[in-house]
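Where a number appears in this text, it was derived from the coordinates with a stated rule and is not lab data. It should be emphasised that the depicted structure is a prediction, and the values quoted were computed from it without experimental measurement. Cβ placement follows ideal geometry from the backbone for every residue including glycine, while neighbour counts extend to all protein chains displayed.
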Amino acid sequence: MSTWKNDAVIVIGAGVGGLTAAVDLARRGAKVTVLETAPYPGGKMRQVTVAGAGIDAGPTVFTMRWIFERLFSDAGADLSDYLDLKPAELLARHAWTSGGQLDLFADIDRSSDAIAAFAGAADAQGYRDFCRRSAAMYQTLAGTFIGAERPSVFDLTMRVGLGRVDQLITISPMKVLWSALAEHFADPRLRQLFGRYATYVGSSPLLAPATMMLVAHVEQDGVWLVNGGMVKVAQALHQLGERHGAVYRFSTPVAAITTSGGRADGVVLQSGERLEADAIVFNGDASALASKLLGADISRATAVVSREERSLSAVTWCVSAPTSGFELAHHNVFFADNYPDEFDAVFRRRDIVQSPTVYICAQDRGAHDLPAPGARERMLLLINAPPDGDKREFLASEYLARTLSMLKRCGLSIDRTNADSIATTPTEFDALFPGTGGALYGRANHGAFASFKRPGSASDVRGLYLAGGSVHPGPGIPMAAMSGRLAAARLLDDLAVSRGGKRTSQSFAP
């Protein structure tokens, strides 16, 4: 007998996963209520106002556009009516304290020519081979892993097909990214550049699997600049959900998820109000559930992620200030010499090195005219940090001098004052996203089987489903969006089964 009464679904959290799940559920007839602690949608995709300017303070890269195009199309809408997207020809600009500057482009030939001039013909050919390997990995995993419910190793093998085991060998699941890159690049600076793909999922290139190479193909398939900033993505998803009847309640923190007979049946808000539901989608970090932050009744929903298993955190600065000495692109990365030591510091010594890698998103460049000399420009600066925000205080002032010194050694000066920037440390990230310690990507993707340890859409508590970057298929804007689609599909499938239907296999393959 069905336990569903009113088709009422509560989505906790208006991050990308929750927003996407709300769209799919609402358009399929569920009565959706989205509850969000913040006064705006987006979760980690947020803006900070500095000197009167809104600066993206979270994710800054929009890729895998097809995921969003399909979501909007399935909801009877056109993505281009909601978002103004411009393809980025220049993917990122890279510089090293030891010397050298290299631009990567969406066009493989242009990037190959740039690498040839930077490091020689052999590494340029290595780059072309690397791109072919990356494309093969993506083609193998896009439908079987990224767009499907969380598989086991056996399930993944069956999805790929026993007759195509060679494809599984191609993705090099047992190799570490850092060593696999040495098969393509002799110049250590190129190993740094492409090793940074591991940080896209909050991991160390010395411990992440070689499958992280597929990021290269994702970027070549399209990196998009969002007019108005990344927050426009969250706003578009919010508008699409409202169009289909979803109700959103912002500034509404949830105190606990309640259960009845072992099944999630509602929530209690911090205000004391109780809301009933037939099912719940949780779009917070899964660690918050295991840590009993939403009640002991649902702590068994997911496994605890230990401090040692957490992904990277960060210290960030949103800055509005003039720059000089180095021509910034939209995306920029500044490297010191000893990349491996940076990750040994974060994951083993639980520290930040004296010369950290610095990422800068210069948000007035790429889609706009260049800022006038001496004019302010909006920037997000980021360095990697240990996810220990629940264990100790991080003082951003301790790391700012070394960050600016690192940039100066690469030729960039930022003419800033304390009034021109707002910092966020692992301590603040833990407060913003409870249960994480400041980890921004859930579980670190370390080892061949780490990807299979992330929880799937259905938790271990009936009626409670999971979405967001801490669950399958992983962190990042497109992956979080996919997680929301998978959670909604599993929820609706369970509803159909409870009413006598048959279970279906959920997949959103490209």
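Assorted remarks:
- Straight-distance candidates among the lysines for linking to LYS292, with alpha-carbon spacing under 29 Å and chain neighbours fewer than 8 residues away dropped: LYS5, LYS31, LYS44, LYS391, LYS453.
- Local electrostatic count, PHE433, Cβ distance below 13 Å [Lys/Arg +1, Asp/Glu -1]: -2
- Rounded, prolate or oblate (a/c below 1.5 giving rounded, otherwise prolate when a/b exceeds b/c) for region 187-306 by Cα gyration tensor: oblate
- Cα-only Debye scattering, region 35-145: base-10 log of I(q)/I(0) at q = 0.15 Å⁻¹: -1.00
- Cα-derived Rg to Rh of region 95-149, Kirkwood definition: 1.15
- Electrostatic bookkeeping for ALA57 treats Lys and Arg as +1 and Asp and Glu as -1; over the other residues with beta carbon under 15 Å from its beta carbon, the sum is +1.
- Taking max minus min of the alpha-carbon positions on each principal axis, the chain gives extents of 69, 59, 46 Å, largest first.
- Distant-in-sequence amide H partners of ASP364 (H built 1.01 Å from N, under 5 Å): ARG378
- Hz values of 3J(HN,Hα) by residue in region 388-401 - Karplus curve (6.51, -1.76, 1.60), Gly and Pro given as x: 10, x, 8, 10, 7, 7, 10, 9, 4, 4, 5, 9, 5, 4
- Length gained when the stretch GLU308-ASP415 is fully extended (0.36 nm per residue, less Cα-Cα span): 34.8 nm
- Here the scattering of region 292-340 is modelled by Debye summation over its C-alpha atoms, one equal scatterer each and no solvent; at q = 0.14, 0.18, 0.31 Å⁻¹ the log10 of I(q)/I(0) is -0.71, -0.85, -1.23.
- Chain lengthening between ARG128 and ASP460 when straightened (0.36 nm per residue, less Cα-Cα): 115.1 nm
- Label point 7 Å beyond Cα of GLU393 along Cβ direction - residues of region 416-444 with amide nitrogen under 19 Å: 422-432, 437-438
- By other beta-carbon atoms within 10 Å, ranking TYR40, TYR138 with the fewest at the front produces TYR40, TYR138.
- Of the residues ILE55, VAL34, ALA77, the one whose Cα sits farthest towards the positive end of the charge dipole of region 1-136 is VAL34 (charges of +1 on Lys and Arg Cβ, -1 on Asp and Glu Cβ, taken about the Cα centre).
- Ratio of Rg to Rh for region 332-449: 0.99 [Cα atoms; Kirkwood radius as inverse mean 1/r over pairs].
- Full-extension gain in nm, SER98 to ASP344, via 0.36 nm per residue minus C-alpha separation: 86.5 nm
- In this simple spin-label model, placing a label point 7 Å from the Cα along the Cα-to-Cβ direction at both SER260 and ASP81 gives a separation of 3.9 nm.
- Computed over neighbours whose Cβ is under 10 Å from that of ASN227, the net charge equals +1, Lys and Arg +1, Asp and Glu -1.
- Distance between the 7 Å Cα→Cβ label points at ASP221 and ASP107: 2.2 nm.
- With the highest mean first, a sort of the peptides 307-317, 276-286 on other beta-carbon atoms found within 10 angstrom per residue produces 276-286, 307-317.
- Region 322-401: Cα Rg divided by the 2.2 N^0.38 Å rule of thumb: 1.31
- Annotation: peptides 397-407, 28-38, ranked by per-residue average of other Cβ atoms within 10 Å with the highest first, follow the order 28-38, 397-407.
- Centre separation in Å (Cα based) which lies between region 462-492 and region 112-135: 35 Å
- Charged side chains reduced to their Cβ positions (Lys and Arg at +1, Asp and Glu at -1) give the chain a dipole of some 1040 debye around its Cα centre.
- Helical mean residue ellipticity (222 nm; -39500 (n - 2.57) per DSSP H run of 4+; nearest 500) of the chain: -9000 deg cm²/dmol
- With 5 Å bins beginning at zero, the pair-distance distribution over Cα atoms of region 392-504 amounts to 2, 10, 13, 14, 13, 12, 11, 9, 6, 4, 3, 2, 1, 0 %.
- Shape category assigned to region 253-321 from the gyration tensor of Cα positions, a/c cut at 1.5: oblate
- Put simply, when 478-491, 322-335 are sorted by average Cβ atoms within 10 angstrom per residue, most first, you get 478-491, 322-335.
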